[in-house]
1. Could you list, ordered by first residue, the pairs with Cβ atoms under 7 Å in which the first is in the range 127-152 and within 13 Å of VAL170 (Cβ to Cβ) and the second is open to solvent by less than 80 Å² (accessible area, probe 1.4 Å) and at pLDDT below 90, at least 6 apart or interchain?
2. Taking the range 243-268 as the search range and keeping residues that are within 16 Å of the ligand (Cβ to nearest atom) and in a loop (DSSP other than H, G, I, E, B), which one is most open to solvent (accessible area, probe 1.4 Å)?
3. Which of the residues that make up the range 170-192 are within 16 Å of the chain's Cα centre (by Cα) and either away from the ligand (no atom under 16 Å from the Cβ) or not hydrophobic (A, V, I, L, M, F, W, C) (or both)?
4. Select from the range 193-211 the residues that are within 16 Å of ARG182 (Cβ to Cβ) and not β-branched (Val, Ile, Thr) and write down the one among them that is nearest to the ligand (Cβ to nearest atom).
5. Does the range 271-286 hold any residues that are more than 10 Å from the ligand (Cβ to nearest atom) and at pLDDT below 95, and which are they?
6. Could you please find all residues in the range 86-103 being at pLDDT 95 or above and either open to solvent by 20 Å² or more (accessible area, probe 1.4 Å) or touching a His at 6+ places or on another chain (Cβ under 8 Å) (or both)?
7. Out of everything in the range 269-300 that is in contact with a helix residue (DSSP H, G or I) (Cβ under 7 Å, 6 or more places away or on another chain) and assigned to a helix (DSSP H, G or I), what residue ends up being surrounded by the most Cβ atoms within 10 Å (Cβ to Cβ)?
Amino acid sequence: MQLTIDLTGRNVWVAGSDRAARQAVRRYEHAGAVVHRLSNPGMGDAGPLPQRPFLVALVDDGDPGWVPLVQHCREAGVPVAFEPPAGAEGHVTLVGGGPGALALLTVGAVEALRDADVVFYDRLAPYRELDALTSAELVDVGKQPGLHRVTQRDIEKLMVEAALLGKNVVRLKGGDPYVFGRGGEEVAACIAAGVPVRVISGVTSAISVPAAAGIPVTHREVSHMFTVVSGHAPLSEKELTHLAGLGGTIVVLMGIGTLPQLAAGLRRAGMKPEMPMAVVERGYRPGQRTTIADLGTIETAASGCSNPAVLVIGEVVRVAEANRNHTEASAELSRLAASLIEA
Ligand code: SAH
């Protein structure tokens, strides 16, 4: 169960050693509470809690001496929140942030953000909600296509330096860190510097953004495979031939810039011009838009489309259209039924 409680101006006692409690202290301060500290169990001897606290937050620092405090709170009817301790040594967590919707963050991602001292994020991650998810320092290392604000090497350097200072570092990335996310390089940089590192997988846009438009990347008897391709640079003739020959769904990320070459290339490689194709822009964001055409007409149909967008090429695009028509038909039927009842 999760509760959201307004702590503004409330007296909260945070119990636990200074090292273990540092993040909990910051979190409660960030939430607007008036924080009082109990850093060792002996402090409570003289009369455990001065005024009646609104809440006692007990950080798990491994000291069994806190048990009487918990009992005291139970007897006095003071709620106790049990909090995880801050990590002992600095480390880096690469977090997949999903396609931008809060609901598509994993539980692991939410916990890592809660426990972070500093978060390095970029613009594809759900960054607008970060303030509610963490009390950590937030650093925008966002990269616009073609306009690198902070270079990849600099990002790696910043992460490693912060971890070596003893901080819990979160590197929040859009989608999944290992899908065109340079996650492998960032892990390698941490390992080379002797910094402990872990990766929390995220929901990749390659699957979730088509889903936002109602397109399943596989569908029984329509497509039993999907290939995820980067459109960052044009594909070679050989790649185009193999892709066209597979007969499955093709999902392209970063593909707006090379869309004309891709469509022409796949046609050259023998794919039929009637093959349905969709461009899904800004999945799960305000202004989400789906453009559906086919391989022969997509260049014109999608000429106004911009990044971020996911391209889908394959018969599965028709499944979304069929479902949409079905939904529209059901809505029409309901309207008709309602008007008949009224009459
Ligand atoms: N690691 C990411 C992909 C990074 S590459 C992942 O797993 O999703 C960046 C590309 O991802 C963008 O150019 C776009 O093609 C796609 N993308 C990410 N989020 C998106 C969104 N919300 N809507 C549309 N495309 C998105």
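1. Short answer, once both residue conditions are applied: VAL141/ASP122; VAL141/VAL150.
2. Filtering the range 243-268 for residues that are within 16 Å of the ligand (Cβ to nearest atom) and in a loop (DSSP other than H, G, I, E, B), the one most open to solvent (accessible area, probe 1.4 Å) comes out as MET254.
3. Within the range 170-192, ARG171, LYS173, GLY174, GLY175, ASP176, PRO177, TYR178, GLY181, ARG182, GLY183 qualify.
4. Filtering the range 193-211 for residues that are within 16 Å of ARG182 (Cβ to Cβ) and not β-branched (Val, Ile, Thr), the one nearest to the ligand (Cβ to nearest atom) comes out as SER205.
5. Once the filter is applied, which keeps residues that are more than 10 Å from the ligand (Cβ to nearest atom) and at pLDDT below 95, the range 271-286 yields only PRO286.
6. Residue satisfying the conditions is HIS91 alone.
7. ILE298
This table checks each residue for (1) under 24 Å from VAL195 (Cβ atoms); (2) within 16 Å of the ligand (Cβ to nearest atom); (3) under 10 Å from the mean Cα position of the chain (by Cα).
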| residue | (1), (2), (3) |
| --- | --- |
| ASP63 | no, no, no |
| VAL78 | no, no, no |
| PHE82 | no, no, no |
| LEU94 | yes, yes, no |
| GLY97 | yes, yes, yes |
| ASP122 | yes, yes, no |
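The values are calculated or read from the model by the stated rules, or taken from the named source; none is laboratory data. Everything numeric here is computed off the predicted structure, so don't read it as measured data. When we count neighbours, we look across all protein chains shown, and the Cβ atoms used for this are built from the backbone with ideal geometry, even at glycine. Accessible surface areas use protein heavy atoms only, side chains included; no ligands, DNA or RNA. Shrake-Rupley method; radii C 1.70, N 1.55, O 1.52, S 1.80 Å.
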